[in-house]
1. For region 193-308, what class follows from the C-alpha gyration tensor (a ≥ b ≥ c being the square roots of its eigenvalues): rounded when a/c is under 1.5, otherwise prolate if a/b is larger than b/c, else oblate?
2. Using alpha carbons only, what's the Rg to Rh ratio of region 319-438 with Rh from Kirkwood?
3. Taking every pair of distinct Cα atoms and averaging 1/r, then inverting, what Kirkwood hydrodynamic radius in Å comes out for region 299-345?
4. When only alpha-carbon atoms count, how far does region 1-148 stretch along each of its three principal axes, as whole angstroms with the largest first?
5. With springs only between Cα atoms under 10 Å apart, run a GNM on the chain and tell me which of 90, 82, 213 wobbles the most.
6. What percent do you get for the relative contact order of the chain when only Cα pairs under 8 Å and 6+ apart count?
7. Under the rule a/c < 1.5 gives rounded, and otherwise a/b versus b/c splits prolate from oblate, where does region 225-382 land using the Cα gyration tensor?
8. With a Cα-only, solvent-free Debye model of region 39-79, what are the log10 I(q)/I(0) values at q = 0.18, 0.27, 0.31 Å⁻¹?
Ligand code: PMP
């Protein structure tokens with residue numbers, strides 16, 4: 001079940017998931033909604049990998065598409081040339097996006113998508129002779145990847161600490177819209193708290209709106225524990241941005257492609273941003289791909305004059321990679337053919353029940369859910385934050401449940417192919433585990 005990690009440096013490790021002998025648990029296989037651990041036992045994949053495998057694992061159609069693409073056109077440089085798969089994919093994604101978001105810039109991960117969007121925001125204002133707009137605004141507890149741009153606008157303070165000297169200047173953060181006292185145990189969106197978006201007005205007053213280029217938020221803050229926007233909150237953010245000519249970016253790396261029961265969270269919440277970043281689910285986690293969807297206004301600004309695109313000087317070797325595009329097309333085909341959006345909508349109340357069935361357990365501090373995402377916040381053990389979360393993780397693995405635990409928070413994003421029974425079993429399993437940890 002374990003393996004010495006030796007020279008292998010796992011992300012975010014020096015962590016506690018390696019035992020005293022330097023051994024880590026390994027995953028050796030994956031099929032459908034389950035991983036197989038090193039000792040052969042199966043665990044339910046409660047976070048779809050890292051929110052990225054909604055169709056489950058081992059899909060033969062995707063494997064075939066990869067093989068076919070790799071043996072026909074395996075790589076295509078995207079700087080002066082295009083490839084049909086990527087061109088058609090851009091069109092397809094634009095058609096899925098909210099009306100008014102029509103052009104797609106491809107990158108290879110969420111971090112790259114975010115840094116691309118931030119650079120597009122700065123470049124857009126610059127090219128429109130609004131060069132004074134250099135400020136970027138993120139949000140407390142936001143996670144936007146690990147690029148220097150994404151970390152700068154990210155709202156996880158310890159992450160920025162070591163790199164304070166290279167963080168992007170002119171970045172501020174609005175407060176996050178979560179207030180435990182008023183919102184704990186909400187099912188879906190909290191009814192109160194929309195006015196927390198007005199915190200953006202504070203920065204507008206402080207800085208002069210004409211210096212602010214963009215605001216970036218995750219519609220649902222995912223990595224920091226599924227913080228669900230209160231009813232009306234995103235609408236208010238949109239209104240303020242529109243009023244002051246500030247671009248609004250939704251980072252939909254987690255929420256994009258169905259997890260909210262709509263193509264994008266923008267549609268679920270009825271708010272149209274100026275850009276959407278995506279990654280993860282578009283390729284079902286199998287090959288890296290990310291990107292940014294933008295308005296024609298933004299696109300046209302970069303397309304007028306040959307020099308504007310050159311000044312922008314932004315692109316990746318693997319932008320619009322044929323293999324990624326081929327996989328993405330099959331992923332979108334399957335989502336359509338199998339009606340996965342309606343499946344997500346049908347599973348949402350099942351997940352909600354499973355999570356909120358834990359309400360009366362003494363260790364539970366809060367429960368949150370929306371779409372096919374949820375979080376359990378445990379009360380930290382006296383003087384030992386994270387210890388209870390770690391124990392729940394350990395017990396989960398023993399009892400057939402792979403959990404994503406950060407500190408004392410457990411985040412959920414089960415595959416869209418989950419059955420209602422699997423989600424109910426997960427709830428019952430969690431109930432037993434959390435009821436019996438110290
Ligand atoms: N943005 C959001 C909202 C994310 O959740 C993540 C990853 N969890 C990222 C950006 C970064 O994506 P990646 O790890 O693919 O760079």
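1. Values: a/c = 2.10, a/b = 1.09, b/c = 1.93.
Verdict is oblate for region 193-308.
2. Rounded to two decimals, Rg/Rh equals 1.07.
3. 13.7 Å
4. Largest to smallest, the principal-axis extents are 60, 41, 29 Å.
5. Maximum fluctuation in the GNM of the chain, among the listed residues, is at 82.
6. Relative contact order here is 20 percent.
7. Because a/c hits 1.5 or more and a/b exceeds b/c, region 225-382 counts as prolate.
8. -0.73, -0.93, -1.00
None of the figures in this text is laboratory data; all of them are computed from the coordinates on show. In this text the structure is predicted, and so the values were computed from the model without any measurement. With ideal geometry, Cβ positions are generated from the backbone for all residues, glycine too; neighbour counts draw on all protein chains shown.
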